[in-house]
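To keep things clear, I will list the structure first and then write my remarks on it.
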Ligand SMILES: [Fe+2]
Ligand SMILES: [Fe+2]
C-alpha cells in the first residue's frame with residue numbers, strides 16, 4: 001500500500017513537471033520560425049532520402065527517390081542562394097565561408113544535372129547518387145558546423161528571414177519539380193515540406 005502511494009506520488013510529480021515544461025518560454029520560442037532550423041530540417045530530410053536510396057531496389061523506385069533528392073536539393077539551394085546566403089554575407093565577417101558554400105553549390109548542381117540526365121539503367125547511376133550524397137554531407141557539415149553557428153551569434157533576424165524563406169519555398173513548391181517531391185513524399189508517407 002505504502003509502496004503504491006509512493007508510486008502514485010512519483011507519477012503525479014512526473015506529470016506536473018511535464019505540464020510545467022510544456023508551458024516554459026523555451027518551448028514557446030521553439031515554435032517561432034527560424035531560418036537556420038528550417039535549413040537544418042531540409043538537411044535531415046534529404047539525408048533520410050539518401051539513406052532510403054541506399055536501401056532501395058528496382059530501377060523505377062530508385063529513379064523516384066533520386067528525383068526527390070534532386071528536387072529537394074534544388075529548392076533548398078535556391079532558398080539559400082536567394083535569401084539565406086545574402087543575409088548571412090551581411091551578418092558575418094567570414095566571407096570565405098559564403099564563397100566556398102556558393103562554389104560547392106555549383107558542383108552539387110552539376111552532379112544533380114548529371115543524375116537528371118541519366119537513369120538507373122546507367123551502370124554509374126548509383127555512383128552518381130552516392131557521390132552527391134557524400135558531397136552534400138560534407139557541405140552540410142560545414143554549413144551547420146561553421147556558417148550557421150556564426151550566423152546564430154550575429155544580429156540577423158532569423159524569424160523574419162524564415163518568413164521570407166517560407167513564402168519563397170511555397171512559391172517554388174508550386175512548380176512542377178516540387179509537385180514531383182510531393183508525389184514521392186505521399187508515396188513514402190512523409191510530408192513534402194518541413
Ligand atoms: Fe548550402
Ligand atoms: Fe544547406
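Rule-based calculations on the coordinates, nothing more; no lab input. The model shown is predicted, which means the values in this text are computed figures rather than measured ones. Neighbour counts are summed over all protein chains in view; Cβ atoms, including those assigned to glycine, are modelled from backbone coordinates with ideal geometry.
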From Cα pairs below 8 angstrom and at least 6 apart in sequence, can you work out the relative contact order of segment 46-188, rounded to a whole percent? 38 percent
Give the calculated FRET efficiency between residue 130 and residue 173 to the nearest 0.05, with a Förster radius of 22 Å applied to their Cβ-Cβ distance. 0.25
Quick one: if you stick a label point 7 Å off each Cα along the C-beta vector at residue 154 and residue 166, how many nm between them? 2.2 nm
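Work out how much length residue 40 to residue 78 would gain on full extension: take 0.36 nm times their residue separation and subtract the Cα-Cα distance, in nm to one decimal.
Numbers: separation 38, 0.36 × 38 = 13.68 nm, distance 1.49 nm.
Going from the current span to full extension adds 12.2 nm.
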Using r as the Cβ-Cβ distance of residue 114 and residue 141, and R0 as 25 Å, what FRET efficiency do you calculate, to the nearest 0.05? 0.65
In 10 Å bins starting at zero, report the fraction of Cα pairs in segment 46-188 per bin as a rounded %. 11, 38, 34, 15, 3
